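Inspection log for the structure reproduced underneath, given as structure tokens.
The values are calculated or read from the model by the stated rules, or taken from the named source; none is laboratory data. Keep in mind it's a predicted model, so treat the numbers as computed, not measured. All Cβ positions, glycine included, derive from the backbone under ideal geometry; neighbour counts span all protein chains shown. Ligands, DNA and RNA are excluded from the accessible area calculation, which covers all protein heavy atoms including side chains. Shrake-Rupley method; radii C 1.70, N 1.55, O 1.52, S 1.80 Å.
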Amino acid sequence: MLTKFETKSNRVKGLSFHPKRPWILASLHSGVVQLWDYRMGTLIDRFDEHDGPVRGVHFHKSQPLFVSGGDDYKIKVWNYKLRRCLFTLLGHLDYIRTVQFHSEYPWIVSASDDQTIRIWNWQSRTCISVLTGHNHYVMCACFHPKDDLVVSASLDQTVRVWDISGLRKKTVAPGGEDVLRLPQMNSDLFGGGDAVVKYVLEGHDRGVNWAAFHPTLPLIVSGADDRQVKLWRMNDTKAWEVDTLRGHVNNVSCVLFHARQDIIVSNSEDKSIRVWDMSKRTGTQTFRREHDRFWILAAHPEVNLLAAGHDSGMIVFKLERERPAYATHGGTLYYVKERFLRAYDYQSQRDNPLISIRRSSTAGSNQGPRTLSYNPAESAVLITSDADGGTYELYLVPKDAASGREPSPEAKRGVGASAVFIARNRFAVLDKGAGQLLIKNLRNEVTKKCAPPCPATDAVFYAGTGMLLCRSEDKMVLFDVQQRTNLAEINTPFVKYVVWSADMAHVTLLSKHAIIIANKKLGNACTVHETIRVKSAAWDDTGVLVYTTLNHIKYCLPNGDSGIIRTLDAPVYITRVFGNIIYCLDRDGKNRQIQVDTTEYVFKLALLERKFDQVLAMIRGSALCGQSIIAYLQAKGFPEVALHFVQDERTRFALAVECGNIEIALQSAQELDDKDTWHRLGVEALRQGNHQIVEFSYHKTKNFERLSFLYLITGNLEKLAKMLKIAEMRSDSMSRFHNALYLGDVRERVRILEEAGQTALAYVTAATHGLSEDAERLAEGLEEVPPLEPGAQLLLPPQPILREDNWPLLTVSKGFFENLAAGGPAAEDAALGEEELEAGAWGEAELDLGEDGEAGAAGEPFVDAERGEDGEDGEGGWEMEDLELPPDMAPAAAAPGEAAVFAAPTAGVPAVQRWLQQGVLAADHVAAGAFDSAMRLLNRQLGIVNFEPLKPLFLEVHAAALAVAPGLPGMRPLAVPLERGWGAEEGAPAPAPAPSQPLSLALLEAKLQAMYRTVTEGKFSEALRQVNSILWSIPLTVVESRREVDDVKELLSIVKEYSIGLRCELERKTAPDDAKRGAELAAYFTHTKLQPAHLVLSLRSAMNATFKLKCYATSATFCRRMLELALPAKTQQTVRQVLAACERAPTDAVELSYDPRNPFDICSLTFTPIYRGNRFVEDPYTKARFQPECEGKVSPVGDLSRIGASASGLFCSPTQR
């Protein structure tokens, strides 16, 4: 038995597989119906409306429906998309044992302890036939897959086959209902003539628990309390017993035919599942549980899966492995199918059987070939299986085996857990019993013995000539057999398969949910985690690993980057990847070819290997585009490559600035022509020292202050003087003063101060700088002449000594893509032309210098900016053509050899920046000080809009990520980043750089325990503050494993329930006078998922509140719920007394807005129930539910997120990427 999925729950009485999706329904003895995804191992939904055990459940073949029947005499039809019960069918008078949809007609068949079988039309919601004849409980009833038959089993020791063709003609045939209608009275008394007994099968000595049809053959199988399984055959006229299968030692609960094999599967109350061979009529396998009795079996209609329900849950399993044993060498695939070793030639696509494989007569159904190892030098094959605890078979394949002329050779057999070839004429066998590695020759003789590298070694894999990979517990060891030494080891999950690249340079270790890629020395390992089971893998010719999961074909690059190539309808096992064709085997052992698009991973590989000519060819020749590729290129540090994908100018500008390509940035800025873009271009150009473009940008943004300072530091006094004139025209006194100060023009500064009314300052300036005439004139107008500072110094700027065009930079070679951009049309378009700086381009329409929209204060045109006060012409006005372009900016003057140009030296990457590059954890962004990006992440992931409660935590996380060391006197202290992963073992792969985090799962669990104690003490306000503290901490908590991620999500679910419950209780205490509302809120509190001790307290509070209100019926429900829990004897006695008092008058004096039978959630804003099936909106962070009118408000559960907002979900671990 290969267990694929297992659950722990109450006793499972009914099971049903979904025909298409990986879902299974389980109906429990507790009254709950669970819907599970057995592939992901998650509970999708639960349906809780039956009162008492649910014994039968079944999916519809095509509609989103399922039906359930229980001990409450009700049959309920559910829509799992709407997540609610559509309607209830009433008519049975006792427990309902089984229910089933018809595969074609809108019918449901049900079996009941009222000794009847009923057929219902679920569309008209009526009972269309009652089958009577059994005189004891009817334990099961089911339709025939194709014919108009029903088989039923009863405790009256009979199996009955019913002919329902009359019912079909009556209800389905046109006009048939009028012709075949029987008198209504006869129909009511005897069930009508629509369904008649065709056969009564008698042979069991005790009550029959189950009977089932064969999918295709005229066979019936039944199981009974006489511990026997009987096989029956039928024809058109009679049915008879074929054989009896004995072996169970207690009542047989369920039995069925396997859909794909000639076997019968039965389970029993003797705690076993047995498999029977239909042809030999003997048992082949038995699977036992230690403590649990089995009750129900289900078979998947399409896939080779079975499910069994027992006392403490259910299991989904397969009886045998479906993965074929195969090995590839050169252009040939060797594999085992139907007891033959076959060879498939990839080129000619010919498939030939080579030799027959003799299967052991004692081998069970799951003991076929497990692995195959091929030796091309000697044309030998090693096949291992699990038979007899692990065996191997050695075959020497004849050269003309494909012709079929030579007989199949005899196999040389032996015992061993694993067997692989390690040399031309040697193979290694692991003898687990003796704890030895045996080296044997092709005559199956031992030539050498040695101890495995670890005592716990349980499997060996090929690792090159004379080398083995040995699996031991949680690690793989590279072992040299000749030297008997351990060469390397690596910690891994449980490895199932090993795949080597063609050149043996890389190895892939496949486990159930992880892929580890390492080099031949097990170094430079990277791991890819999968939520779906990994099935197979193969290396392609370019060094990319292509692998399959249950439903995807994916790729993985040597650096660990992975992605999806395509989806799969059914699992396949990759044998070889050649170009864009994937060769694989399906579960039936058939060779398939799948054509895929490899462009994405070939492009990423070329980028990783820096084959830029190939990258450029793919950019130009393929349709590779999209935001994901651009984001990938940016994340991997190739923004210059992303430039070639982008057509949007704004994105193109951002990428050009990021990679420092000032020419393309200038071109995009001219296209966009907005203030923010020009400002960013100016900042980048200033960083690179290209002050001509800085000047151009400042002109575009009309940033006169920055422009004046630029002219000061570049020593351009001529243009500074013009800026002084501009400031005078704009009547900007402060700008005039700054420009006069930059120029060292003392007289102008005195004049400006005097005009501004600052006569005293004007006098001090003139007197200090030796302008005695102006000082005397100004002193006359002052009532009190200010004293001069005796040690005053002149405030004059230094004279510029050197005037260069651009600041000097290091001479470095441009990269491939920068060179391409510089030599292409983009570079020519990006260069500044002389006409860009003509006065026409800077005319009045672009540069509005007047305060109220006019050209000047007196309405004069801008070209007259340099006229003197007396109206005489100066130098001809503010002429922008005076700005000459440097030679390197003019297209005609481009120097030869453009590869050797000036570029800024590359700065190191700060630790904080590395943290920000790593991913989607908001806590890492907070630690790096990037609060804005952290808030955007939290808004996108959890819908958080109110960040005020998180402010103290933001500051705490940021402070914890940096240690400050004092520096030398006069120097700033040094901030040292603190990172996670300092305790990694030597030789282990270095973890990705990430900041240390103060918030941990252990801290949250400690807070949770403190909250539990506070709730127990009844301090609800304090407990709610503790709950909110946990809710605020979870978004900034970082954990390291997927298990801890599940723990954090479970913790979030717990505190959500407590938050809702505590708010209900606090709301109740705010209105003590409203007894009705208080009783409702107390009742709601009991429906939150609390700890048992707190649930008892809440139930007791609700019991008291409703009893005082004389709502005895409601109070009784709380009493019964309390009695189901473990109570102290004294409390239990009190509850029983209250229950007795309530049952004497089981009525409610006041009608409460509370229905204990209808499942509901509690809206924490309106404090009203949201019953199952009603519309609701969710808090994207905690998943708390609210009434639809609450959409858009801030959720009170944590006071963080907006109700109804869309969000991607909680990210708290690097393993979630």
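If you take the residues of the range 588-613 that are in a strand (DSSP E or B) and touching a Phe, Trp or Tyr at 6+ places or on another chain (Cβ under 7 Å), which of them is most open to solvent (accessible area, probe 1.4 Å)? Looking at the filtered set, the residue picked out is Gln593.
Table: residues versus (1) within 25 Å of Asp351 (Cβ to Cβ); (2) open to solvent by less than 30 Å² (accessible area, probe 1.4 Å); (3) of a type in the set (Asp, Glu); (4) in contact (Cβ under 8 Å) with a residue 12 or more places away in the chain.
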site: Ile553; (1), (2), (3), (4): yes, yes, no, yes
site: Leu557; (1), (2), (3), (4): no, yes, no, yes
site: Leu568; (1), (2), (3), (4): yes, yes, no, yes
site: Tyr583; (1), (2), (3), (4): yes, yes, no, yes
site: Asp586; (1), (2), (3), (4): yes, yes, yes, yes
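Whenever a residue of the range 436-460 is closer than 13 Å to Phe479 by Cα and aliphatic (A, V, I, L, M), its partners that are open to solvent by less than 50 Å² (accessible area, probe 1.4 Å) and not in a strand (DSSP E or B), lying with C-beta atoms within less than 6 angstrom and at least six residues away or across chains, give the pairs Leu437/Pro452. Of the helices (runs of 4 or more DSSP H) entirely within the range 1030-1133, those holding at least 3 residues that are open to solvent by 70 Å² or more (accessible area, probe 1.4 Å) occupy 1042-1070, 1092-1108.
In the range 249-283, which residues are of a type in the set (A, V, I, L, M) and touching an Asp or Glu at 6+ places or on another chain (Cβ under 9 Å)? Please lay out each step first, then the result.
Our first condition is that a residue be of a type in the set (A, V, I, L, M); within the range 249-283, this holds for 249, 252, 255-256, 259, 263-265, 273, 275, 278.
Matches in the range 249-283: Val249, Val252, Ala259, Ile263, Ile264, Met278.
Residue pairs whose Cβ atoms lie under 6 Å apart, sitting 6 or more positions apart in sequence or on different chains, and linking a residue in the range 1140-1153 that is in contact (Cβ under 8 Å) with a residue 40 or more places away in the chain to a partner that is open to solvent by 70 Å² or more (accessible area, probe 1.4 Å) and in a loop (DSSP other than H, G, I, E, B), are Ala1149/Lys1110.
Quickly run through the range 438-484 and pick out the residues that are acidic (Asp, Glu) and in a strand (DSSP E or B).
Across the range 438-484, the qualifying residues are Asp458, Asp480.
Here is the figure for the range 1176-1217: residues that are of a type in the set (A, V, I, L, M) and not in a loop (DSSP other than H, G, I, E, B) total 2. Taking every residue in the range 1-14 that is open to solvent by 50 Å² or more (accessible area, probe 1.4 Å) and pairing it with any residue that is of a type in the set (Gly, Ala, Ser), at least 6 positions away or on another chain, the pairs with Cβ-Cβ distances below 7 Å are Glu6/Gly313; Lys8/Ser312; Lys8/Gly313; Asn10/Ser30. Quick one: Ile693 ticks every box in (1) surrounded by fewer than 20 Cβ atoms within 10 Å (Cβ to Cβ); (2) in contact (Cβ under 8 Å) with a residue 60 or more places away in the chain; (3) within 60 Å of the chain's Cα centre (by Cα) bar one, so which box is it? It fails just one condition, (1).
Looking only at residues in the range 285-335 that are in contact with a Gly (Cβ under 6 Å, 6 or more places away or on another chain) and of a type outside the set (A, V, I, L, M), the one that is farthest from Cys140 (Cα to Cα) is Pro324.
For every residue, the table says whether it meets (1) in contact with a His (Cβ under 7 Å, 6 or more places away or on another chain); (2) under 22 Å from Lys13 (Cβ atoms); (3) modelled with pLDDT of 95 or more.
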site	(1), (2), (3)
His50	no, yes, no
Val67	yes, yes, yes
Tyr73	yes, yes, no
Gly91	no, yes, no
Gln100	yes, yes, yes
Tyr105	no, no, no
Gln123	no, no, no
Thr126	no, no, no
Thr132	no, no, no
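Report, by residue number, each residue of the range 503-515 that is under 14 Å from Thr548 (Cα atoms) and either hydroxyl-bearing (Ser, Thr, Tyr) or touching a Ser or Thr at 6+ places or on another chain (Cβ under 8 Å) (or both).
First pass over the range 503-515, keeping only residues under 14 Å from Thr548 (Cα atoms): 508-515.
Selection gives Thr508, Leu509, Leu510, Ser511, His513, Ala514, Ile515.
The single residue among Asp1155, Asp1161 that is over 18 Å from Val945 (Cα atoms) and not in a loop (DSSP other than H, G, I, E, B) turns out to be Asp1161.
Working only within the range 486-512, note down all residues that are within 23 Å of the chain's Cα centre (by Cα) and either open to solvent by 50 Å² or more (accessible area, probe 1.4 Å) or small (Gly, Ala, Ser) (or both). Correct list: Pro493, Phe494, Ser511, Lys512.
Kindly indicate the residue of the range 197-241 that is hydroxyl-bearing (Ser, Thr, Tyr) and open to solvent by 50 Å² or more (accessible area, probe 1.4 Å) and also nearest to Val99 (Cα to Cα) among those meeting that condition. Write out each step before concluding.
Quick first cut of the range 197-241, residues hydroxyl-bearing (Ser, Thr, Tyr) only: 199, 216, 222, 237.
Still in the running and open to solvent by 50 Å² or more (accessible area, probe 1.4 Å): 216, 237.
Working: Thr216: 22, Thr237: 28 Å.
Selected residue: Thr216.
Residues in the range 23-48 that are in contact with a Pro (Cβ under 7 Å, 6 or more places away or on another chain) and part of a loop (DSSP other than H, G, I, E, B) were compared, and the one that is farthest from Ile96 (Cα to Cα) is Arg39.
Evaluation of Phe190 against the conditions (1) modelled with pLDDT under 90; (2) in contact with a Phe, Trp or Tyr (Cβ under 8 Å, 6 or more places away or on another chain); (3) among the aromatic types (Phe, Trp, Tyr) shows that the sole unmet condition is (2). Residues that are within 17 Å of Phe578 (Cβ to Cβ) and either open to solvent by 20 Å² or more (accessible area, probe 1.4 Å) or among the polar types (S, T, N, Q) (or both): does the range 517-529 have at least one? Within the range 517-529 (the criterion being within 17 Å of Phe578 (Cβ to Cβ) and either open to solvent by 20 Å² or more (accessible area, probe 1.4 Å) or among the polar types (S, T, N, Q) (or both)), the answer is no, since none of the residues qualifies.
Scan (1) modelled with pLDDT of 90 or more; (2) exposed (fewer than 14 other Cβ atoms within 10 Å of the Cβ) for the single condition Ile273 breaks and write down its number. Failing condition for Ile273: (2).
In the range 301-332, how many residues are part of a loop (DSSP other than H, G, I, E, B) and crowded, with 20+ Cβ neighbours inside 10 Å?
Initially, the range 301-332 is screened for residues part of a loop (DSSP other than H, G, I, E, B), giving 301-305, 311-312, 319-325, 330-331.
From the residues that got through so far, the ones that are crowded, with 20+ Cβ neighbours inside 10 Å too are 305, 319, 324-325.
Of the residues in the range 301-332, 4 are part of a loop (DSSP other than H, G, I, E, B) and crowded, with 20+ Cβ neighbours inside 10 Å.
Output the number of residues of the range 485-512 satisfying the condition of being in a strand (DSSP E or B) and not β-branched (Val, Ile, Thr). The qualifying residues number 12.
Can you confirm whether Trp276 is among the aromatic types (Phe, Trp, Tyr), part of a strand (DSSP E or B) and either touching a Cys at 6+ places or on another chain (Cβ under 7 Å) or over 23 Å from Val150 (Cβ atoms) (or both)?
yes
Selection over the range 201-233 of residues that are of a type in the set (S, T, N, Q), outside any loop (DSSP other than H, G, I, E, B) and either over 11 Å from Val159 (Cα atoms) or free of Cβ contacts under 8 Å to residues at least 40 places away in the same chain (or both) gives a count of 1.
Per-residue answers, yes or no, for (1) farther than 17 Å from Ala1102 by Cβ; (2) among the aromatic types (Phe, Trp, Tyr); (3) out of contact with any strand residue (DSSP E or B) (no Cβ under 7 Å at 6 or more places or on another chain):
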position	(1), (2), (3)
Arg1121	no, no, yes
Glu1124	no, no, yes
Pro1128	yes, no, yes
Leu1152	no, no, no
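Being out of contact with any Gly (no Cβ under 9 Å at 6 or more places or on another chain) and open to solvent by 20 Å² or more (accessible area, probe 1.4 Å) is the filter here, so list the residues in the range 536-551 that pass it. So that I can check it myself, show each step before the final result.
Here is the first cut: in the range 536-551, the ones out of contact with any Gly (no Cβ under 9 Å at 6 or more places or on another chain) are 536-539, 542-551.
Trp539, Thr542, Gly543, Asn551 - these are the residues of the range 536-551 that are out of contact with any Gly (no Cβ under 9 Å at 6 or more places or on another chain) and open to solvent by 20 Å² or more (accessible area, probe 1.4 Å).
Note on the range 64-151: enclosed strands (runs of 3 or more DSSP E) holding 3 or more residues that are without any contact (Cβ under 8 Å) to a residue 24 or more places away in the chain and open to solvent by 40 Å² or more (accessible area, probe 1.4 Å) are 84-90.
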